[in-house]
Amino acid sequence: MKAFLATAALVATLATAQTPSLVTPPTAAVIAAMPLPAPPVVPTNAYVLIDYDTGRVLAAQKADDRLPPASITKVMASYVVLTAVREKRLRLDEQVVISEHAWRAGGAASGGSTTFLKVGSTVPADVLIKGMIIQSGNDATIALAERVAGTESAFVEMMNQYAARLGLKNTHFDNSWGDHSPNHYSTAHDLALLGQALIRDFPEDYKIYSMREFVWNGIKQQNRNGLLGRDPSVDGIKTGHTDAAKYCLLSSAKRDGQRLISTVLGSDKIKDREDASAALLNYGFTHFETMKLQAGNTAILKPRVYKGAEDFVPVGTARDAFASVQRGQGGAIQKNAEVKGTLLAPIKKGTTVGELTLKSGNQVVARIPLVALADVPEAGFFGRLYDTVKLWFN
């Protein structure tokens, strides 16, 4: 690492008007890649398999087709509710009133998934969260939506705002619990990205998604995700079913530190969605590996800064940088760190100044922003003047 940083510093020191960059070549002896088999043929309509750490798509079929997500909708509902808990807008021990709308639209009166709540009763928020996630209770979901946003429609508006923030470009919600509607849709890829955000942003709460059952009011309620019993590495995420959506499953599994996420939409039977998810996860774990290639908050380059109180600024990735590659090809990864253009003070810590590109052969497997790891304030008048003149001649 010392040699790596020394080389980076030397490149930056010698640079004038040139763009600072550092290229790390692949290992000299790289075993030829074994043929990568095609993804398995699985009993479903649309699917995607992504690597959690990088977001790289490892297998896909109709991954960007807009389809009804059914109760996988509740993953976004839970994201909004858990955000309210984190921001102390909702307490887990708070008693939430069950409205007639929650009972009628999403509970026993509708014939849908229910947590068996009674109109006018009060239920602790943490019980409702379990009912929404584990048992997929429509009534629990609506009750939480009304508590967090005042009305279900206002809560749905929040869901769509969060979807936009998370970059879910082909997703729109029309209700909080997954009822079929022409304006209620998502894609296999968007739902996988939603699962990625859930695990990343709520690592402690995510354990609820692996719970097989819970008991409330003397009634034992089961998790509908059959993969939790079939594969000990599977720890979530959510099932879904309507007549229009058929059987759907958003799954995640972690093996030997590697996490994958799969979405399966439109299977004809419960077993089909589980078989499809299991086959995709096994394919990913068998043929791909996730490698940590750069520690976060560690200097890669020290490019020249003009008109600053400091002449150089350390540059690196804000977080650990990973790459998902075919198994056995980790030694073929090439790293290219490049600062874009001339850097002028003032520069705030965390400002994006370049890009780290990770390539396997001719394929780019990851692009990670390079950020300034320290503040660089402006120099005094004469320092700025000196660098202004220097830049004229570069």
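Taking a Cβ cut-off of under 15 Å around A379, the surrounding Lys, Arg, Asp and Glu residues balance to a net charge of -1, with basic ones at +1 and acidic ones at -1.
Label positions at R91 and A244, each projected 7 Å from the Cα along the C-beta direction, are separated by 4.0 nm. Rounded to whole numbers, the Karplus 3J(HN,Hα) couplings from phi for the stretch 84-92 are 5, 5, 4, 8, 6, 8, 8, 9, 5 Hz, using 6.51 cos²θ - 1.76 cosθ + 1.60 with θ = phi - 60°, and x at Gly and Pro.
Which entry is the computed P(r) over Cα pairs in 10 Å bins from 0, in percent for this structure: (i) 4, 11, 11, 11, 11, 10, 9, 7, 6, 5, 4, 3, 3, 2, 1, 1, 1, 0, 0, 0, 0, 0; (ii) 4, 20, 29, 27, 15, 5, 1, 0; (iii) 5, 21, 25, 20, 15, 10, 4, 1, 0? Here the calculated entry is (iii).
Its Cα centre serving as origin, the chain has a Cβ charge dipole (Lys and Arg +1, Asp and Glu -1) of approximately 740 debye.
Charged neighbours of P303, selected by a Cβ distance under 11 Å, balance to +1 (K, R count +1; D, E count -1). Applying 0.36 nm per residue to the separation of L385 and M211 and subtracting their alpha-carbon distance, the gain on full extension is 56.2 nm.
Report note on the peptides 90-96, 166-172: ranked by the mean count of other C-beta atoms within 10 Å, highest first, their order is 166-172, 90-96.
Of all DSSP bridge pairs formed entirely within the chain, close to 95 percent run antiparallel. Label-to-label distance, R104 versus R327, with points set 7 angstrom from Cα along the beta-carbon direction: 5.6 nm. Most tightly packed first, judged by the mean number of other beta-carbon atoms within 10 Å of their residues, the peptides 373-385, 178-190 read 178-190, 373-385. Full extension of the chain between D320 and L344 gives 6.0 nm of extra length, using 0.36 nm per residue less the Cα-Cα distance. With 0.36 nm allotted per residue and the present C-alpha distance subtracted, the K220-D268 stretch has 14.6 nm of extension available. For R165 and N297, the FRET efficiency from 1/(1 + (r/R0)^6), where r spans their Cβ atoms and R0 equals 30 Å, is about 0.80.
Here, each number is a calculation from the coordinates, and none is a lab measurement. Computed from a prediction, not measured in an experiment: that's the story for all the values here. Every residue, glycine as well, gets a Cβ built from its backbone with ideal geometry; the counts of neighbours run over all protein chains shown.
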